Amino acid sequence: MPTRPIRRVGIVLSGACGRSLWPARMPWGTIAVMETFAVVPFTDTHADGVAAVCAELGWPTYSDPDVARRGCGAPGVSTSVALDADGVVVGFAQLFGDGIVQGFLAQLGVRSDWRHRGVATALVEAASRDAGVQRVDLLTDDAQGFHASFAHRAKDGYRIYPGLDPEPYRRLSDR
């Protein structure tokens with residue numbers, strides 16, 4: 001992991017995934033300066049950073065570092081984190097999988113100042129690869145365009161809340 005800020009001119013590789021973030025149509029002579037990031041597997045040392053990302057996004061459950069530590073490191077969970085050049089967590093993806101075929105993207109969060117830089121794409125690809133899955137299912141309310149940018153097949157789905165009164169959730173789904 002870098003110990004100082006890194007700024008590159010030209011093609012920037014997104015850490016472990018190696019995807020080029022270079023814009024396809026840049027006028028000749030344009031100099032692009034982009035910050036780099038690295039995508040690494042989650043360790044307990046990343047829990048505070050994951051909690052900070054969740055707090056910024058308004059996700060209360062994983063805003064507690066202890067919950068983030070236990071949830072992101074639980075058996076059967078593949079969590080990848082994106083780190084800036086100073087080692088600060090700027091995003092994370094949490095995926096559950098069977099290790100063979102099927103995965104479920106449970107959480108994908110990127111700090112607002114790091115969006116539209118390829119971080120989320122690199123996180124999804126890394127978590128999927130680390131989980132050893134061929135396909136990933138997910139639910140989303142507000143990121144349809146991003147998820148549609150992957151090879152995909154759209155399907156209707158349900159989020160089930162066992163043991164809770166279904167009536168309040170029916171009203172929400174009628175909106």
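The values are calculated or read from the model by the stated rules, or taken from the named source; none is laboratory data. Being a predicted model, the structure only gives us computed values, none of them experimental. With ideal geometry, Cβ positions are generated from the backbone for all residues, glycine too; neighbour counts draw on all protein chains shown.
Residues that are among the small types (G, A, S), in contact (Cβ under 8 Å) with a residue 40 or more places away in the chain and over 17 Å from A126 (Cβ atoms) within the range 53-96 comprise just one, A85. Quick one: count up the residues across the range 106-136 that are more than 20 Å from R69 (Cβ to Cβ), outside any helix (DSSP H, G or I) and of a type in the set (A, V, I, L, M, F, W, C). So the answer is 2. Restricting attention to the range 68-87, the residues that are closer than 14 Å to C54 by Cα and either charged (D, E, K, R) or surrounded by fewer than 19 Cβ atoms within 10 Å (Cβ to Cβ) (or both) total 1. Taking the condition buried (at least 16 other Cβ atoms within 10 Å of the Cβ), of a type outside the set (S, T, N, Q) and closer than 14 Å to A38 by Cβ, does L123 pass? Judged against the criteria, L123 is a match. Inside the range 25-45, residues that are at pLDDT 95 or above and over 10 Å from A82 (Cα atoms) make up a count of 3.
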